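The values are calculated or read from the model by the stated rules, or taken from the named source; none is laboratory data. Just so we're clear, the structure is a prediction, and the values are computed from it rather than from any experiment. As a convention, Cβ positions derive from the backbone with ideal geometry for all residues, glycine included, and neighbour counts pool all protein chains shown. Accessible surface areas use protein heavy atoms only, side chains included; no ligands, DNA or RNA. Shrake-Rupley method; radii C 1.70, N 1.55, O 1.52, S 1.80 Å.
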Amino acid sequence: MKLWNTRKGLFLTVEQKVYPVPETGLDALLRMDDLHGYMDQIVGQGSVAEQLSPEDLLAPIQSQEVWAAGVTYYRSRDARMEESRDAGGGSFYDRVYSAERPELFFKATASRVSGPGQPVRIRRDAHWSVPEPEWTLLVNPRGQIVGCTIGNDMSSRDIEGENPLYLPQAKVYQGSCALGPFILLATKPLPPTTGIALAVERAGAVAFSGSTTLAELKRDPAQLVEYLFRDNCFPSGVFLMTGTGIVPDDDFTLAEGDIVRIRIDGLGELTNPVVRA
Ligand code: DO4
Ligand code: MG
């Protein structure tokens, strides 16, 4: 089942059929004891003729915070050790990759999140920026994973590379996160064979493309959620990005006008144009 947030309200789709969801936002759904049972009831009430149009799509978020895990793929560990070499930050990334405790950081509030087709931003004081395609979990207030979507953890590599303590500035700014196009409501995690692909288009050509699979994700999603909920509560649930396994080569930076396309098997494609603040 796919849950869509649109200008006309929330909708559920199953195969090609569309079902309106009476609740006005994700908060109420996430507080339900049996979200999946409730969705089955909606499907039981019958579909409508409504077609979901791409222009109406919004980010599938209401008042949830977005958090992110870092250095959960070997590729991310490698790229970050390299970018922070001059600042002496390299060993931090290696250590967090192998440590029991994962790196978790606050990423965004809903107002900083772009939906499908909406622009993501490059910071105006950054000169080395990349998109980070990430499998993103939706977790209810009881710490149960109820669904997932595609996330883009936009990052300013030069700012983080100068000093790892600048991480919040490299990661958290207006338009630094995109989510969508829908939430796959499922209790089972996606299989390890799930492919993740990133393409950046520039002036009609592909400026970068790369791919990975969830088999490369070192951390168990349940363990990431368990750490996130330690001494923390999320009354309306929370999104948790699980880290990137695709980092473009060091000579690549995003530019205004680029189009970022992220595909994850089973989750469709999240597409966002890039603007500079
Ligand atoms: O340690 C910095 C952030 C890492 C990150 O965002 C990632 O690995 O995806
Ligand atoms: Mg990331």
Log entry, pairs with first residue in segment 248-263 being touching a residue at least 12 places away in the same chain (Cβ under 8 Å) and assigned by TED's automatic domain parsing to the domain that holds Gly195, second being open to solvent by 50 Å² or more (accessible area, probe 1.4 Å) and part of a loop (DSSP other than H, G, I, E, B), beta carbons closer than 8 Å, six or more apart or on different chains, reads Thr253/His127; Gly257/Ala203
Can you give me the ranges of the helices (runs of 4 or more DSSP H) entirely in segment 18-131 with at least 2 residues that are without any contact (Cβ under 8 Å) to a residue 12 or more places away in the chain?
-> 35-44, 90-98
Checking Asp40 against (1) away from ligand 1 (no atom under 11 Å from the Cβ); (2) open to solvent by 60 Å² or more (accessible area, probe 1.4 Å); (3) in the same structural domain as Thr213 (by TED's automatic domain parsing), which test does it fail?
-> (3)
Segment 245-277: number of residues that are over 17 Å from Trp128 (Cα atoms) and outside any strand (DSSP E or B) = 4
Among the residues of segment 154-171, write down those that are in contact with a helix residue (DSSP H, G or I) (Cβ under 7 Å, 6 or more places away or on another chain) and touching a residue at least 60 places away in the same chain (Cβ under 8 Å).
-> Arg157, Glu160, Gly161, Pro164, Leu167
Check whether at least one residue in segment 24-38 is in contact with a Phe, Trp or Tyr (Cβ under 8 Å, 6 or more places away or on another chain) and over 30 Å from Asn163 (Cα atoms), and report yes or no.
-> yes
Give Ala203, Ala207, Ala215 a once-over and let me know the one that is in contact with a strand residue (DSSP E or B) (Cβ under 8 Å, 6 or more places away or on another chain) and either over 18 Å from Ile145 (Cα atoms) or not polar (S, T, N, Q) (or both).
-> Ala207
Considering Ala205, Ala255, Ala222, which residue is open to solvent by 10 Å² or more (accessible area, probe 1.4 Å), more than 16 Å from ligand 2 (Cβ to nearest atom), in contact with a Lys or Arg (Cβ under 8 Å, 6 or more places away or on another chain) and not β-branched (Val, Ile, Thr)?
-> Ala255
Restrict the check to segment 131-144 and report whether at least one residue is surrounded by fewer than 18 Cβ atoms within 10 Å (Cβ to Cβ), among the hydroxyl-bearing types (Ser, Thr, Tyr) and modelled with pLDDT of 95 or more.
-> no
Tell me, please, whether a residue that is polar (S, T, N, Q), over 26 Å from Phe229 (Cβ atoms) and open to solvent by 60 Å² or more (accessible area, probe 1.4 Å) can be found in segment 4-17.
-> yes
